[in-house]
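Undergrad: Provided herewith is a single structure, encoded as structure tokens, for subsequent inquiry.
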Amino acid sequence: MSLNPRARRFTILTAAVALGLTGGLTQPVQAAEPSSYIANDTVWRTVDGQEILAQGGNVFKHQGVYYWVGSELTSGQPKAINLYSSTDLENWQFRKAIVKQSGTDGPLSADPADNIWLGRPQLNYNPATNNFVLNFEVNDTSDKRNQLMFATSSTVDGTYTLTSQTPINVNNNTMGDHSVFVEGNDAYLVYVGDHVDASGKKSINRTVTVRKLNEAWTGVAPGAPLFDQWDSGKEAPGLVKANGKYYLFASEKRWWDATATHYRVSDTLAGLASSAPWAKVTHRPTRGGSDDSFGTQFAQIIPVVSTDGGTTSYLFNGDRYSQFFKGDTNNAPGGVGRNAWYKLTFEGTAPVVHGWTGVDVNAAAGTITGNRVANGRFDQEAAGVGVPLWDLSGAQGAASTQNTTGDGRRQLLVNDDVAFTSWVDQEVVLPNGRYELSFDYRSSATMNDLFFEVKGHGGQATKLPLNKNQNAWATKKYTFDVTSGKANIGLWADGQANAWTNLDNVAIWPAG
């Protein structure tokens, strides 16, 4: 899913002052950016170049292979449930559509008809039955709320057979979003439930509920729910076990829009009912930090377990329903891409999502590194709306995102119709070590002064002068050492009336 965001005309390589103990000069590192990584705020594609269409689903691992299932959501209703596979979580291959809205022409034994909801697919392997079990939401025919259908197959990309031609209501009622949590031979349905009062009036998305599935994972087991809380403000619930504790996550109820993520934590599943109240997941960077999960809605926490089982890292799987953004009162994210995955860590028991622009997963080692700059492509919001996760200041001048001519991507634009100065910066948390900074820029001839500064990293601040009258995109690279656990990076622009400069693809990767 790593894409070169823009064809570059030429690269400017800058020798870097080695800040810290060495005190000398080093040569620029040529290969800090990995050849393959998760490129957030881009359109993700398979290894053969096809756009990945998988939203509202889940990723699971079976026999060393990761499988990803999700809905193919177009401008209206979803048209298929697609299956992808990968061995490294970065390079994905399309396997097939395991459900299609095509009458009887799809691979399912009795496919749903056109023009109904076909959402939130969940696929997992049941070791007790040796079957792959799929469940997904369809519409109730009376009021278009969600019911569940279950299907099974002996192979992951085989023909899935419905366990019943009739969708089921969980607890005799319809539902909103749902997911499935697996622990050993047991599976649990995690969902937002609807409620009907004594007068027969239905209220939607009223509870967050966890119920155990039957042994075949094809229906709800009898008995009381493990967790059932009245809460009218949640959607997209999901469970994960991490560091010996159970975490229940959920988004806020904002439909297609991006939202903050909330969580509860307990030592046991049953203990979630008496655990501390919902709390917001922390987002980093905190300076100008995201309060909407970096332009996404929570879908899942993906464990990345090393081959030897000794190391586990976690990915925050976020959906971005940007295809529904219309630039008006319709609430949907305006950023680029339908999916974004971020590193998730824990500070004590509190989960923290790190809004890195690039995420590099070593699936065999169970580790995650990345480009820790947030919104480094300036593609996390619609053009002209703002510049999330960057601080803006200056006597005059307006800094905003701007569409790139010809390719639909975005960049930072700094300009004004009067003389201006502008400072655009971000503080980046960086473990001590050596890093390579890179970025693309271009500028008009009427810039008075233009430089990119690196400071606050434990050594002397460095100003990198940038060319004026740089009409073609150029790339600048710079290596530096961090001894303070962070660095402040920023663009200074001093221009005459109508002068302009663009900045894009800002990255800081570990350099050896």
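Rule-based calculations on the coordinates, nothing more; no lab input. On a predicted model such as this, the values are computed, not experimentally measured, just so you know. Please note: Cβ atoms are built from the backbone with ideal geometry, for glycine as well, and neighbour counts cover all protein chains shown.
Undergrad: A364 versus T282, label points 7 Å from Cα toward the beta carbon: distance in nm?
TA: 3.4
Undergrad: Out of (1) 71, 48, 44; (2) 80, 54, 42; (3) 82, 46, 42, which label holds the value of Cα extents along the principal axes in Å that was computed here?
TA: Given (1) 71, 48, 44; (2) 80, 54, 42; (3) 82, 46, 42, the calculated one carries the label (1).
Undergrad: Expected output is a single nm value to one decimal: the length gained when fully extending between V385 and S154, i.e. 0.36 nm times separation in residues minus the C-alpha distance. What is it?
TA: 78.3 nm
Undergrad: Now for a different question. Fewest first, what order do S422, S199 take by the number of other Cβ atoms within 10 Å?
TA: S199, S422
Undergrad: How far apart, in nanometres, would the label points at D267 and N130 be if each is projected 7 angstrom from Cα along the Cα-to-Cβ direction?
TA: Distance between the two pseudo-spin positions: 3.9 nm.
Undergrad: Any chance you could check the Cα centroid distance between the stretch 328-383 and the stretch 183-256 for me, in angstrom?
TA: Taking the Cα centre of each part, the stretch 328-383 and the stretch 183-256 sit 26 Å apart.
Undergrad: Continuing with the same structure: Using a Förster radius of 35 Å, what is the FRET efficiency between Q50 and I168 based on their Cβ-Cβ separation? Nearest 0.05, please.
TA: For Q50 and I168, the calculated efficiency is 0.55.
Undergrad: Could you work out the relative contact order of the stretch 38-371? I mean the mean sequence separation of Cα pairs under 8 Å and 6+ apart, divided by the number of residues, in percent.
TA: Reported as a whole number, the value is 13 percent.
Undergrad: Work out how much length W230 to Q460 would gain on full extension: take 0.36 nm times their residue separation and subtract the Cα-Cα distance, in nm to one decimal.
TA: Value of the extension gain: 77.3 nm.
Undergrad: Another question, then. How much net charge surrounds G219 when only other residues with a Cβ under 11 Å from its Cβ are counted (Lys, Arg +1; Asp, Glu -1)?
TA: +1
Undergrad: Each residue of the stretch 203-212 in turn: what ³J(HN,Hα) in whole Hz from Karplus with 6.51, -1.76, 1.60 and θ = phi - 60°, glycine and Pro shown as x?
TA: Once rounded to whole Hz, the list reads 10, 9, 6, 9, 10, 10, 9, 10, 10, 6.
Undergrad: Applying the Karplus parametrisation 6.51 cos²θ - 1.76 cosθ + 1.60 with θ = phi - 60° to the phi angles of the stretch 370-378, what ³J(HN,Hα) value in whole Hz is obtained for each residue in order, glycine and proline being reported as x?
TA: My calculation for the stretch 370-378 gives x, 7, 7, 5, 8, 6, x, 9, 6 Hz in order.
Undergrad: While we're on this one: How would you rank T174, T349, T163, going from fewest to most other Cβ atoms within 10 Å of each one's own Cβ?
TA: The most exposed by this proxy come first: T349, T163, T174.
Undergrad: I've got another one for you. Taking the number of other C-beta atoms within 10 Å as the exposure measure, put W44, W230 in order starting with the fewest.
TA: W230, W44
Undergrad: Which distance in Å, rounded to a whole number, links the C-alpha centroids of the stretch 43-69 and the stretch 409-467?
TA: Comparing the Cα centres of the stretch 43-69 and the stretch 409-467, I get a distance of 35 Å.
Undergrad: Cβ neighbours within 10 Å, averaged per peptide: list 252-262, 456-466 in order, most packed at the top.
TA: Highest-to-lowest ranking by the protection proxy: 252-262, 456-466.
Undergrad: Something else: Set the Förster distance to 41 Å, then compute FRET efficiency between E453 and Q93 from the Cβ-Cβ distance, nearest 0.05.
TA: The computed FRET efficiency comes out at 0.45.
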